[in-house]
Amino acid sequence: MTSGGDSPGMNAAIRAVARASSYYRVECLGFMRGFQGMIENDYIELNARSVRNIINLGGTILKSARSKEFLTEEGRVKAAANLKKANIDAMILIGGDGTFRGGKVFSEEHNIPVIGVPGTIDNDIFGTHYTIGYDTALNTVIDAVDKIRDTASSHNRLFFVEVMGRDAGFIALNSGIGAGAEEILIPEEDLGLDRLLNSLERSRRSGKTSSIVIVSEGDKIGKNVFELAAYVKDNLPYYDAKVTVLGHIQRGGSPTCFDRVLASRLCVKAVELALDGQQDIMVGMMNNEIKSIELVNALKSKPTINKELLRISDILSV
Ligand code: F6P
């Protein structure tokens, strides 16, 4: 099943689970709308042919949801009864940390092995250097910011562009460098309002006529992106500041080759580990190798951002 916020590459992941299952001659069912489909016994049979022509599609053919009912013990009892009726021996859960947390509790309560596959645009899962969908989201962001740059430069404007990532700054940091942003504001590093004003002031004096600031939605500078733009306008009145919130377009679109290959590698491994009798683990890619980590450990920590990238951004926005 796919669960939580969808991410580009989830279909490539579903395809890989179904095809690897077929290759190893085991039956594969796809539960709809994440944990909610388990509670409602809503599933489809997946085989090698039923997943044709989906590797290139964004979204998820199994649909996704954040099930409130699954948070209750009653909901989980219903789900377990349905899985037992369907003779499920192991579950492959494609999603983020909320999905894994739910899967872990479920497996502990009902003794059904869980293998997690990290699928979220946020890239905020410990135990993998990349999550499925992150690379596509980065490319969507830089494509959008490139377009904003055109109009920013035509009108000599300053743009604040808010990107997703929940509490993590991976999307902002990497897309900010890729799109050549002036400043990048992320939750992991409070750069402070004064520093932002100084930097914008310095840019103007150095001859820049337009600027782009990438703001992570979880940034803790103390103001949301609209308040931030208003604050800058108040303090630096010569700036014509505009705001663009990229929002859910970051979750859509055809997955990049990187995300398709990542999803394929992770999910073949997930099926192999399930067949090997492994349980309560997550597969991830570290240094281009597919590894597994105990779910409990994946949930214990958060990956850290590479601060070197902030330094690079500083140097390049001179
Ligand atoms: O976790 C993926 C994500 O897109 C986050 O970046 C964002 O904060 C959140 O989901 C938005 O969730 P929803 O689609 O429920 O508004």
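Pulled fully out, how much extra length does the chain show between K147 and N53, if you take 0.36 nm times their separation in residues and subtract their Cα-Cα distance? Intermediate values should be presented prior to the final figure.
Details: separation 94, 0.36 × 94 = 33.84 nm, distance 3.05 nm.
Full-extension gain reported as 30.8 nm.
Return the subset of K147/K307; K104/K220; K220/K302; K147/K242 for which the Cα-Cα distance in this structure is over 19 Å, preserving the input order. Each step should come with its number before you reach the end.
Working: K147/K307 27 Å; K104/K220 30 Å; K220/K302 17 Å; K147/K242 14 Å.
Over 19 Å apart, Cα to Cα: K147/K307; K104/K220.
Could you work out the equivalent-ellipsoid semi-axes for region 11-97, taking the square root of 5 times each eigenvalue of the Cα gyration tensor, largest first, in whole Å?
Semi-axes from the Cα gyration tensor: 23, 16, 9 Å.
Where the centre of each part is set by its Cα atoms, how far does region 303-318 sit from region 233-250, in angstrom?
22
When only alpha-carbon atoms count, how far does the chain stretch along each of its three principal axes, as whole angstroms with the largest first?
The Cα atoms of the chain stretch 69, 37, 32 Å along the principal axes, largest first.
May I ask you to give the percent of accessible area on the chain that is carbon plus sulfur, with a probe radius of 1.4 Å? The partial results should precede the final answer.
Numbers: 6950 of 14490 Å².
Looking at the chain in its full context, I get 48 percent from C and S.
Quick one: how many Å² of K220 are accessible to a 1.4 Å probe, rounded to 10?
120
Determine by what factor the alpha-carbon radius of gyration of region 36-162 differs from 2.2 N^0.38 Å, reporting the quotient. Could the numbers behind the result be given before it?
On the way: Rg = 19.5 Å, N = 127, 2.2 N^0.38 = 13.9 Å.
That works out to 1.40 for region 36-162.
Solvent-accessible area per residue for region 136-251 at a 1.4 Å probe radius, Å²?
Working: 5100 Å² over 116 residues.
I get 44 Å² per residue for region 136-251.
List the residues whose amide H sits under 5 Å from the amide H of S211, counting only those 5 or more places along or on another chain, with H placed 1.01 Å from N in the peptide plane.
R157, L158, F159
Rounded, prolate or oblate: which fits region 136-251, taking a ≥ b ≥ c as square roots of the Cα gyration tensor eigenvalues, rounded meaning a/c under 1.5, else prolate when a/b beats b/c?
Values: a/c = 1.75, a/b = 1.24, b/c = 1.42.
Oblate is the answer for region 136-251, as a/c is 1.5 or above yet b/c matches or exceeds a/b.
Each residue of region 203-215 in turn: what ³J(HN,Hα) in whole Hz from Karplus with 6.51, -1.76, 1.60 and θ = phi - 60°, glycine and Pro shown as x?
Calculated HN-Hα couplings, in order: 4, 4, 5, 7, x, 6, 9, 9, 8, 10, 10, 8, 10 Hz.
Heavy atoms of the protein only, probe of 1.4 Å, neighbouring chains included. What is the accessible area of F31 in Å², nearest 10?
For F31, the solvent-accessible surface is approximately 10 Å².
Under 18 Å from a point placed 7 Å out from the Cα of K291 along the Cα-to-Cβ direction: which residues of region 96-127 have their backbone N that close?
116-119, 123-127
Would you mind getting the accessible area per residue of region 63-114, heavy atoms of the protein chains only, 1.4 Å probe, in Å²? Don't jump to the answer; show the numbers that get you there.
Values: 2730 Å² over 52 residues.
Value for region 63-114: 52 Å² per residue.
The values are calculated or read from the model by the stated rules, or taken from the named source; none is laboratory data. Computed from a predicted structure; not experimentally measured. Please note: Cβ atoms are built from the backbone with ideal geometry, for glycine as well, and neighbour counts cover all protein chains shown. These area figures cover heavy atoms from the full protein model, side chains too; ligands, DNA and RNA do not enter into them. Shrake-Rupley method; radii C 1.70, N 1.55, O 1.52, S 1.80 Å.
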